[in-house]
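*Asks:* Sharing a structure below in structure tokens format, with a few things to ask.
The values are calculated or read from the model by the stated rules, or taken from the named source; none is laboratory data. Bear in mind that the values here come from a model prediction, so they are computed numbers and not experimental data. Ideal geometry is used to build each Cβ from the backbone, glycine not excepted, and the neighbour counts take in all protein chains shown. These area figures cover heavy atoms from the full protein model, side chains too; ligands, DNA and RNA do not enter into them. Shrake-Rupley method; radii C 1.70, N 1.55, O 1.52, S 1.80 Å.
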Amino acid sequence: MSIEKELHARSGSTCELCGATNGLTVYPVATSDGSAAKSILVCETCSEQISNPEKTDANHWRCLNDSMWSEVPAVKVMAWRMLTRLRSEGWANDLLDMLYLDDETLAWAKSG
């Protein structure tokens, strides 16, 4: 099974960060080894804003309130990275304070 098919099956064909269903693509997390475990399925909006910090719309990322609780480590890593980027937003800082990552996952999140 291809990575894309695995991610569609894992996510129910929705963006693993915001839940959108259009324009989905595989996004390899920075330390990706090319596996589904090290990748996430994201929509065009999330992909664009992850790749281009100057285009970040803080309100779009309020969706992390839900996705940060994913059981998928790669999703948690991206949630942590985006919340860290948005730390100046009070709500993002509050979510970041609630987000728990084990030591290995936190090290992965900080490596990117």
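*Asks:* Determine whether region 73-88 contains at least one residue that is part of a loop (DSSP other than H, G, I, E, B) and over 19 Å from residue 16 (Cβ atoms).
*Replies:* Scanning region 73-88 turns up at least one residue that is part of a loop (DSSP other than H, G, I, E, B) and over 19 Å from residue 16 (Cβ atoms).
*Asks:* Hey, could you check region 15-63 for residues that are in a loop (DSSP other than H, G, I, E, B) and among the hydroxyl-bearing types (Ser, Thr, Tyr) and say which is nearest to residue 107 (Cα to Cα)?
*Replies:* Ranking the qualifying residues of region 15-63, first place goes to 31.
*Asks:* Quick one: which residue in 98, 78, 68 is aliphatic (A, V, I, L, M), open to solvent by 50 Å² or more (accessible area, probe 1.4 Å) and at pLDDT 95 or above?
*Replies:* Sole residue among the options that is aliphatic (A, V, I, L, M), open to solvent by 50 Å² or more (accessible area, probe 1.4 Å) and at pLDDT 95 or above: 98.
*Asks:* Please go through region 13-26 and give me each residue that is surrounded by fewer than 19 Cβ atoms within 10 Å (Cβ to Cβ) and of a type in the set (A, V, I, L, M), ordered by number.
*Replies:* 20, 26
*Asks:* A further question on this structure: In this structure, is residue 10 touching a strand residue (DSSP E or B) at 6+ places or on another chain (Cβ under 9 Å), of a type in the set (D, E, K, R) and either outside any helix (DSSP H, G or I) or open to solvent by 50 Å² or more (accessible area, probe 1.4 Å) (or both)?
*Replies:* Yes, satisfied.
*Asks:* Determine whether region 37-55 contains at least one residue that is within 13 Å of residue 81 (Cβ to Cβ), of a type in the set (Ser, Thr, Tyr) and in contact with a helix residue (DSSP H, G or I) (Cβ under 7 Å, 6 or more places away or on another chain).
*Replies:* No: zero hits.
*Asks:* Continuing with this model, one more query. Just give me the residues in region 27-60 being open to solvent by less than 50 Å² (accessible area, probe 1.4 Å) and of a type outside the set (Gly, Ala, Ser), in sequence order.
*Replies:* Residues satisfying the conditions are 27, 29, 40, 41, 42, 43, 46, 49, 50, 52, 56, 60.
*Asks:* Being touching a Leu at 6+ places or on another chain (Cβ under 9 Å) and among the small types (Gly, Ala, Ser) narrows it down to one residue among 20, 36; which is it?
*Replies:* The conditions single out 36.
*Asks:* Also: Taking the stated definitions as given, is residue 93 outside any loop (DSSP other than H, G, I, E, B) and within 20 Å of residue 110 (Cβ to Cβ)?
*Replies:* It is true that residue 93 is outside any loop (DSSP other than H, G, I, E, B) and within 20 Å of residue 110 (Cβ to Cβ).
*Asks:* I need a count of the residues in region 81-90 that are within 17 Å of residue 107 (Cα to Cα), free of Cβ contacts under 8 Å to residues at least 40 places away in the same chain and open to solvent by less than 30 Å² (accessible area, probe 1.4 Å).
*Replies:* Residues that pass the stated criteria total 1.
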